[in-house]
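Read through the structure below, which is laid out as structure tokens, and then see the notes.
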Amino acid sequence: MPKTLPTLAEFLAALPADRRATMMTVHKAIRKAAPKLAPFMTSGMGSPLIGYGKYHYKYASGREGDWFLIGLAAGKSGYALHICAVAEDGYLVERNAAKLGKVKTGRSCINFKQLADLKLDVAMGLVKQAAKTGGISAVA
């Protein structure tokens, strides 16, 4: 039987105070940058995370599903901000990795150890862009 996901308030309350502060700061920044993207709790990266907005994807193989447009997770040793969107020139995170600060990036994921490592203003600019594009499947 699948585990029941915590509510957003329960999830945040269960975090240690310092981790909660970082998550709340980024959560509030996402809500300000993309107020139309409703937050919800989901899992998909091995633990609960906060998703914002949804998009539908479909692969050439026929496999399809729904995923979050923006995701925020508190891992064991850091944080992950997922921005699942592309522009004409590629994945938003991948194309802007050098501008995001002292972080590790993938195609759509920004991993950071502490909030000071992330250039939050740059990341929220990408969140705004993602909210306009509607997700990876909108272009890919």
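Taken together, the values in this text are just the output of simple stated rules run on the coordinates, not laboratory data. Computed from a predicted model, the values in this text were never measured in an experiment. When we count neighbours, we look across all protein chains shown, and the Cβ atoms used for this are built from the backbone with ideal geometry, even at glycine.
I'm checking my understanding of the structure. Among residues of the range 8-35 that are over 15 Å from the mean Cα position of the chain (by Cα) and not small (G, A, S), which one is farthest from F112 (Cα to Cα)? Please lay out each step first, then the result.
Initially, the range 8-35 is screened for residues over 15 Å from the mean Cα position of the chain (by Cα), giving 9-21.
Now drop any that are not not small (G, A, S), which leaves 10-12, 15-16, 18-20.
On the way: E10: 23, F11: 20, L12: 18, L15: 17, P16: 17, D18: 14, R19: 12, R20: 15 Å.
Out of the qualifying residues, it is E10.
Whether any residue in the range 31-40 is over 15 Å from G125 (Cα atoms), of a type in the set (A, V, I, L, M), out of contact with any helix residue (DSSP H, G or I) (no Cβ under 7 Å at 6 or more places or on another chain) and loosely packed, with under 13 Cβ neighbours inside 10 Å is what I want to check.
Checked against the condition, which is being over 15 Å from G125 (Cα atoms), of a type in the set (A, V, I, L, M), out of contact with any helix residue (DSSP H, G or I) (no Cβ under 7 Å at 6 or more places or on another chain) and loosely packed, with under 13 Cβ neighbours inside 10 Å, the range 31-40 yields at least one hit.
Considering only residues that are of a type in the set (F, W, Y) and in contact (Cβ under 8 Å) with a residue 60 or more places away in the chain, look in the range 53-78 and name the one that is farthest from T22 (Cα to Cα).
Step one: list which residues in the range 53-78 are of a type in the set (F, W, Y), which gives 55, 57, 59, 67-68.
In the following step, the residues that additionally are in contact (Cβ under 8 Å) with a residue 60 or more places away in the chain were identified as 55, 57, 67.
Working: Y55: 26, Y57: 30, W67: 24 Å.
Within the range 53-78, the match that is farthest from T22 (Cα to Cα) is Y57.
When the residues of the range 88-132 are narrowed to those that are buried (at least 20 other Cβ atoms within 10 Å of the Cβ), over 13 Å from the mean Cα position of the chain (by Cα) and of a type outside the set (A, V, I, L, M), which ends up farthest from A60 (Cα to Cα)?
Filtering the range 88-132 for residues that are buried (at least 20 other Cβ atoms within 10 Å of the Cβ), over 13 Å from the mean Cα position of the chain (by Cα) and of a type outside the set (A, V, I, L, M), the one farthest from A60 (Cα to Cα) comes out as N96.
Would you mention how many residues in the range 15-30 are assigned to a helix (DSSP H, G or I) and in contact with a helix residue (DSSP H, G or I) (Cβ under 9 Å, 6 or more places away or on another chain)?
Taking the range 15-30 first, the residues assigned to a helix (DSSP H, G or I) are 17-30.
Going one step further and asking which of them are in contact with a helix residue (DSSP H, G or I) (Cβ under 9 Å, 6 or more places away or on another chain), we end up with 20-27, 29-30.
Adding up the residues that qualify gives 10.
Given the condition within 25 Å of T7 (Cβ to Cβ) and aromatic (F, W, Y), answer yes or no: does some residue in the range 83-101 qualify? It would help to see each step written out before you state the result.
As a first pass, look at the range 83-101 and keep what is within 25 Å of T7 (Cβ to Cβ): 83-84.
Of the ones still in play, those that are also aromatic (F, W, Y) are none.
No: the range 83-101 contains no residue that is within 25 Å of T7 (Cβ to Cβ) and aromatic (F, W, Y).
With respect to P39, is the statement that it is without any contact (Cβ under 8 Å) to a residue 40 or more places away in the chain, farther than 20 Å from K119 by Cα and touching a strand residue (DSSP E or B) at 6+ places or on another chain (Cβ under 7 Å) true? Explain how you work it out, then say what you get.
On the way: without any contact (Cβ under 8 Å) to a residue 40 or more places away in the chain: yes; farther than 20 Å from K119 by Cα: yes; touching a strand residue (DSSP E or B) at 6+ places or on another chain (Cβ under 7 Å): yes.
So P39 passes the test.
Can you pull out every residue in the range 78-96 that is over 17 Å from G134 (Cα atoms) and out of contact with any Lys or Arg (no Cβ under 7 Å at 6 or more places or on another chain)?
Residues satisfying the conditions are Y79, A80, R95, N96.
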